[in-house]
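These notes concern the structure reproduced below.
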Amino acid sequence: MTREKTNEPIPLFQEVEERASSLPVQLIRLTDKDAGDIGLVIYGNDAAEAMPGALRQVISTIQANTGDRFLASAGANLDRALPRLFLDQGIFRQTLAGELERIRNSRLPCTLMLIGFQAITATPEKPPGGKTDLAPLAGLIHATLSRSCQVGHGGGDVLAIILPETNLGRGLGCAEAILEAFRKNLPPGPGYPVPSAAVIGMVVCHVFDNYSADTLLKKAEAELKRAGKKGPGAICYHTPRPDQNFCQVTVEERAEIFRPFGKNGP
Amino acid sequence: MTHTSKRSPKIICISSGKGGVGKTSFSVNVATALAQKGKKVLLIDGDLGLANVDVLLGLNVRHTIREALDEARDPHSLLVEVIPGFHLLPASSGVPEMANLTPEEQAFLTRALDGIVARFDFVLVDTAAGIGDSVLWFNHWAEANIVILSPDPTAMTDAYALIKVLNTRHGKKRFYLIVNSVQSKKEADEVFLNMSKVLARFLRIHPDHLGSIPLDSNVGKAIRQQKPFLLLGPEGKASRSVYLIAETIVKM
C-alpha cells in the first residue's frame with residue numbers, strides 16, 4: 001500500500017465500501033492528510049472467504065487501474081500484511097529503546113501511549129476472553145496521527161504508540177484525537193472492542209529522565225491502570241515533576257544575585 | 001565524540017547568557033594572545049546565523065560554516081588565517097536556519113568539527129548570546145566552559161541562568177568566570193564573590209575566577225577599527241588582563 005495521492009476520484013473506494021457494506025466485515029478507510037486516501041482495510045472473521053465474486057471483481061479492477069498503488073492483501077493477519085503499520089511486542093520494545101537513544105541526541109521529548117479497552121463485547125463469534133484483533137486499529141491510528149508514530153502491541157489487549165518529538169500538550173491532543181477517531185470510525189462490531197470503552201495511559205519522557213524502555217513501559221502501564229479505574233474515555237499521564245529538572249531561576253536565587261545592588265548599588 | 005587522547009586540543013566554550021557583555025571581543029583577543037605565545041588556535045564563531053567574529057577582525061569572508069552543512073564542503077577549506085597560528089572558522093550572517101539546526105545537522109557539524117580540530121592546541125568557541133540550542137550543545141561539546149559577565153544585575157542573572165541550565169541539564173560542574181568591564185579590581189572581586197556565593201548555595205558549584213578585564217577606552221576604539229585591541233594597544237589595561245588570562249588558559 002503506497003502513500004501516493006490518487007488521481008482517481010474517491011469512487012474507487014466508495015464502490016468497494018458500498019459492495020462490502022452488506023457483508024459481515026468491517027472497513028476502515030485510511031487517509032493521510034498530505035496524500036489523501038491511501039488505502040482501505042477490510043477485515044473480519046473469514047473476510048477473504050466472505051467476499052463474493054462481485055466484490056473480488058471490483059478489487060481486481062482497482063488493482064488493474066492503479067497498478068502498484070493499490071496492493072490487496074488477503075488474509076486474517078493484517079499485521080503480517082502490513083508489518084510496518086503494527087509492530088509485534090518484541091519489535092515494538094526494540095523500537096522504543098531506539099527512540100529513547102535518539103532523544104539523548106535530539107533532546108526533544110517523546111511520549112509513550114498505551115490504549116486499553118475495558119469491555120470487550122462478547123458475541124457468538126467472539127466469546128468472552130477471546131483475543132482482540134488490534135491490528136486494524138493501527139491503520140486508524142496512523143490515519144489520525146503523524147507518519148512518525150510507531151504503533152505496536154503492548155501486550156494483552158493493549159495498543160502501544162510511540163510519539164516522537166511530542167510533549168505533554170501534543171500528547172494529550174493526540175490522545176483525544178484517537179479516542180474521537182475510534183468513536184467515529186469504529187461502530188461496535190462482532191468480536192471487536194467497544195471503542196467508547198477505550199482508556200489511555202501515557203508517559204512523557206525527556207532526555208534528562210534517563211528511563212529505560214522497561215521503566216517507561218511500566219510507568220505507562222501504571223497510568224493505563226489509573227485510567228481504567230477512572231472509566232471509559234479517561235486519559236491519565238505521567239510527566240516529570242517540575243522540581244526534578246527545573247532550570248528556572250527562582251525568586252530566592254534572584255534575590256541573592258541582586259543583594260549587592262541594594263539601595264547603595266554594588 | 002570523545003576527547004580522551006592526550007594530543008587532542010583543549011576545547012573551550014565562551015558564553016555569557018546576556019548579549020553585549022564582551023564575549024566576542026574577549027574571544028578574538030585571547031585567541032590573538034594565545035597565538036602570540038606560539039600556540040595553534042582555532043576560533044569557531046558559534047553564533048552560526050549572526051556572525052560577529054569576522055566583523056571584529058575586519059575580514060570579508062566568502063565561505064562560512066554553512067557550506068560545511070549545505071554543500072558538505074571540507075571544513076579545512078573554510079578556515080581563515082587571521083595571524084600566524086590563529087585560524088577562524090567563520091559563521092554566516094543573516095541565516096536564521098543556522099541558528100536552529102536539527103539534531104541531525106548538529107551531529108553532522110560536530111563530526112565535521114572533530115575532523116579539523118586535531119591540528120590545533122586550543123579550540124575556542126564564541127557562542128551566541130542566550131541559552132538557545134546552539135549555545136547549549138557547543139557548551140556540551142567543550143571541555144572547559146568560560147562564562148563572561150559584567151557587574152550589572154541583568155548580566156549576572158543571565159550568567160547564573162546559563163550556568164544553571166548547563167549544570168542541571170548537561171551535568172556541567174566546572175565553570176571559569178571572567179568579569180568584564182569593571183571599574184576596579186575591588187569591583188571585580190565583589191562581583192565574583194557574590195556569584196560564587198549564589199552558585200555555591202543553590203547549585204553547589206564553586207567556579208574558578210579566570211580573571212577580570214577593566215573598562216578601557218582602547219576596547220571601543222579597536223572595535224570600531226575592526227582590530228583586536230591587543231594589536232592596537234598591547235600595553236593597555238584590557239590587553240594586560242587578557243595576556244594574564246591567556247597564561248592561565250595555557251596552564252589549564
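FYI, it's all coordinate maths here, none of it is from the lab. As the structure is a computational prediction, the values presented were derived from the model and not from experiment. For neighbour counting, all protein chains shown are included, and Cβ atoms are generated from backbone atoms with ideal geometry for every residue, glycine included.
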Residues residue B:226 and residue B:72, FRET efficiency given R0 of 22 Å [Cβ-Cβ distance, rounded to 0.05]
0.10
Residues B:119, B:169 arranged by fewest to most Cβ contacts within 10 Å
B:119, B:169
Which trypsin sites (Lys or Arg not before Pro) does the stretch B:1-74 hold that lie in a coil by DSSP with at most 10 other beta carbons within 10 Å?
B:6, B:7, B:62
Could you list A:205, A:149 so that the one with the fewest beta carbons within 10 Å of its beta carbon is first and the one with the most is last?
A:149, A:205
Burial ordering of B:252, B:156, fewest other beta-carbon atoms within 10 Å first
B:252, B:156
Within 10 Å of each Cβ of B:144-154, how many other protein chain Cβ atoms are there on average?
1
Under the rule of -39500 (n - 2.57) per DSSP H run of 4 or more residues, summed and divided by the residues of chain B, what mean residue ellipticity at 222 nm is obtained, to the nearest 500 deg cm²/dmol?
-13500 deg cm²/dmol
Among B:233, B:171, B:211, which one shows the biggest mean-square fluctuation in a GNM of chain B, springs joining Cα atoms closer than 10 Å?
B:171
Between B:117, B:80, B:198, find the one with the highest GNM mean-square fluctuation for chain B; connect C-alpha pairs within less than 10 Å.
B:198
Just to be sure I follow the definition: excluding the sites themselves, where is the longest run in chain B that has none of the GluC sites (Glu not before Pro) in a DSSP loop with at most 16 other Cβ atoms within 10 Å?
B:144-234
